[in-house]
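Here is the structure we will look at.
The values are calculated or read from the model by the stated rules, or taken from the named source; none is laboratory data. This structure is a prediction, so every number in the text was calculated from the model and none was measured. All Cβ positions, even for glycine, are placed from backbone atoms using ideal geometry, and neighbour counts span all protein chains on display. Accessible surface areas use protein heavy atoms only, side chains included; no ligands, DNA or RNA. Shrake-Rupley method; radii C 1.70, N 1.55, O 1.52, S 1.80 Å.
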Amino acid sequence: MIDKLHENHILSATEYVELLEQRNPEDTEFMRKLAQEEAQKVFGNRIYVRGLIEFSNYCRNDCLYCGIRRSNAKADRYRLTKEEILACCRAGYGFGFRTFVLQSGEDMGFSAETICDIVKSIRMEFPDCAITLSVGERSRESYEAFYRAGAERYLLRHETASEALYEKLHPKELTLANRMRCLRDLKDIGFQVGAGFMVGAPGQTVEHLAQDFLYLAELKPHMIGIGPFIHHQDTPFRDCPDGTLEMTLYCLSILRLMFPNVLLPATTALGTIDPRGRELGVEAGANVIMPSLSPKEVRGKYLLYDGKICTGEEAAECHACLENRMKYIGYQIVTDRGDYPGWTRE
């Protein structure tokens, strides 16, 4: 079945369930090696870095798993100014970063016009860099404005392709149909689009994961971000078990075999559940790492889950550490923009 996935890049729902349920250490290692080989065929030993700027932890939503949910009165809220965001970009540019990822909660304090102004300022000062946005569900008109302003990529995890599970994880005003509408709009506009899901979310089954794989096969995103569910002490899911390293790595390898060209991050959440999580993610087929460029004084405030790593480090420390870690396992961090192979701005 792993060979079939490797050859055809797709399985049926039943076959995905079987692949997940019947996994064993030997098969897992076989698939990991195939996934690593596939990534190296396309990207060599090159790891793209994205400078992550978490510019606001205000959020209008109340997702049950998230530490910056609207009703968490214990969250220490902050917003960065445009000048502070540009200062983060300047620091990152000095480290060689050529992609900046602007991420926030769904903070309506940042209107579409405000975000466009920030994007235009970054584009003017750093014309050779890619600009990625991750600011949640907005109107198609807003997405079109972001694209015209100079943003080229947009990250919006679908979280789960199961409507029933989506309803368990989100408040009733959020719907899977609208999330999928956003992703379709973003792709139609011309963005390099990133979707993704949590592994081990409360109530998730292997059947749900099979739905995720099939949805992604239909969407054909340029980027896929997955990470283990990690609980946050101030959410309704505080007592739920976390997702596992093993299953997350297994899903990473499946995704690499499905999408040989996709941009696949080894996420901070992976590094949080295991000290070598990001290295293991790269060895399972990932080819992107997103170190934080956020100012040190706010890093500990953007806590979607408990125990997040690198919250006390300066950006330079974080970057140097990752560079050494990648070198140790035979990979090199590169300063390219790292676009999806063959993508051009229309």
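List the trypsin sites (Lys or Arg not before Pro) within the stretch 306-346 that DSSP assigns to loop and that have no more than 13 neighbouring Cβ atoms inside 10 Å.
On the way: sites: Lys308, Arg325, Lys327, Arg337, Arg345; in loops: Lys308, Arg337, Arg345.
Listed in order of number, the matching sites are Arg345.
What is the mean projected area of the alpha carbon convex hull for the stretch 1-126, to one decimal in square nanometres?
Approximately 12.1 nm², given one-decimal rounding.
Label-to-label distance for Thr344 and Ala73 is 5.7 nm, based on points extended 7 Å past Cα in the beta-carbon direction.
With distances taken between every two different alpha-carbon atoms, the stretch 252-339 has a Kirkwood hydrodynamic radius of 13.8 Å. By the Cβ distance rule of under 4.7 Å, the chain has these cysteines without a partner: Cys59, Cys88, Cys89, Cys116, Cys129, Cys182, Cys240, Cys251, Cys310, Cys318, Cys321.
What do you get for chymotrypsin sites (Phe, Trp or Tyr not before Pro) in the stretch 90-123 restricted to DSSP loop and a cutoff of at most 10 other Cβ within 10 Å of the site's Cβ? Mind showing how you got there, number by number?
Working: sites: Tyr93, Phe95, Phe97, Phe100, Phe110; in loops: Phe97, Phe110.
Counting only loop positions with at most 10 other Cβ atoms within 10 Å, none of the chymotrypsin sites (Phe, Trp or Tyr not before Pro) in the stretch 90-123 qualifies.
Given their separation in residues at 0.36 nm each and the Cα-Cα distance between them, Ala217 and Thr205 gain 2.4 nm when the chain is fully extended. Each of Glu317 and Lys120 was given a label point 7 Å from its Cα along the Cα-to-Cβ line. The distance between the two points is 3.8 nm. Over all pairs of different C-alpha atoms, the stretch 195-280 has a mean inverse distance whose reciprocal, the Kirkwood radius, equals 13.3 Å. With the convex hull of the Cα atoms taken as the outline of the stretch 98-204, the averaged projected area works out to 7.0 nm².
Using a Gaussian network model of the chain in which every pair of alpha carbons under 10 angstrom is joined by a spring, one finds that among Glu314, Glu159, Glu279 the greatest mean-square fluctuation is at Glu314. Pairs with C-alpha atoms separated by more than 29 Å, drawn from the list Lys82/Lys172; Lys220/Lys301; Lys120/Lys301; Lys168/Lys301; Lys41/Lys82, are Lys82/Lys172; Lys220/Lys301; Lys41/Lys82.
Each Lys or Arg adds one and each Asp or Glu takes one away; over the other residues whose Cβ falls under 14 Å from the Cβ of Val17, this sums to -4.
Once the convex hull of the alpha carbons of the stretch 170-315 is built, what does its volume come to per residue, in cubic angstrom? All intermediate terms of the calculation are to be shown ahead of the outcome.
On the way: hull volume 19.9 nm³, N = 146.
Spelled out: Cα convex hull of the stretch 170-315, divided by residues, is 136 Å³.
Pairwise Cα distances in the chain exceed 25 Å for 49 percent of all pairs. Applying the Kirkwood pairwise sum to the alpha-carbon positions of the stretch 30-93 produces a hydrodynamic radius of 15.5 angstrom.
The phi torsions of the stretch 131-137, fed into the Karplus equation with coefficients 6.51, -1.76 and 1.60 and a -60° offset, translate into couplings of 10, 10, 10, 9, 10, x, 7 Hz, rounded to whole numbers, with Gly and Pro shown as x.
Please compute the per residue accessible area over the stretch 261-346 with all protein chains in place, 1.4 Å probe, rounded to a whole number of Å².
Values: 3570 Å² over 86 residues.
With the other protein chains kept in place, the stretch 261-346 gives 41 Å² per residue.
The phi-based Karplus calculation (6.51 cos²θ - 1.76 cosθ + 1.60; θ = phi - 60°) puts the 3J(HN,Hα) values of the stretch 236-249 at x, 9, 4, 9, 7, x, 6, x, 9, 4, 4, 5, 5, 5 Hz, whole numbers, x for Gly and Pro. Can you figure out the FRET efficiency of His9 with Lys172, using R₀ = 45 Å and their beta-carbon distance, to the nearest 0.05? In this case the efficiency is close to 0.80. How big is the gap, in Å, between the Cα center of the stretch 1-76 and the Cα center of the stretch 91-112? Each part's Cα centre sits 22 Å from the other's. Which of Gln40, Gln22, Gln332 moves most in a GNM of the chain, Cα contacts under 10 Å? It is Gln22.
Between amide H atoms placed 1.01 Å from N, distances below 5 Å from Asn61 occur with Arg70, Glu106, all of them 5 or more places distant or on a separate chain. In the chain, the portion of solvent-accessible area held by carbon and sulfur atoms comes to 51 percent [1.4 Å probe, whole percent, DNA, RNA and ligands not counted].
Chymotrypsin sites (Phe, Trp or Tyr not before Pro), restricted to the stretch 287-346: which are DSSP loop and have at most 11 other Cβ atoms within 10 Å?
Within the stretch 287-346, no chymotrypsin sites (Phe, Trp or Tyr not before Pro) qualify (loop, at most 11 other Cβ atoms within 10 Å).
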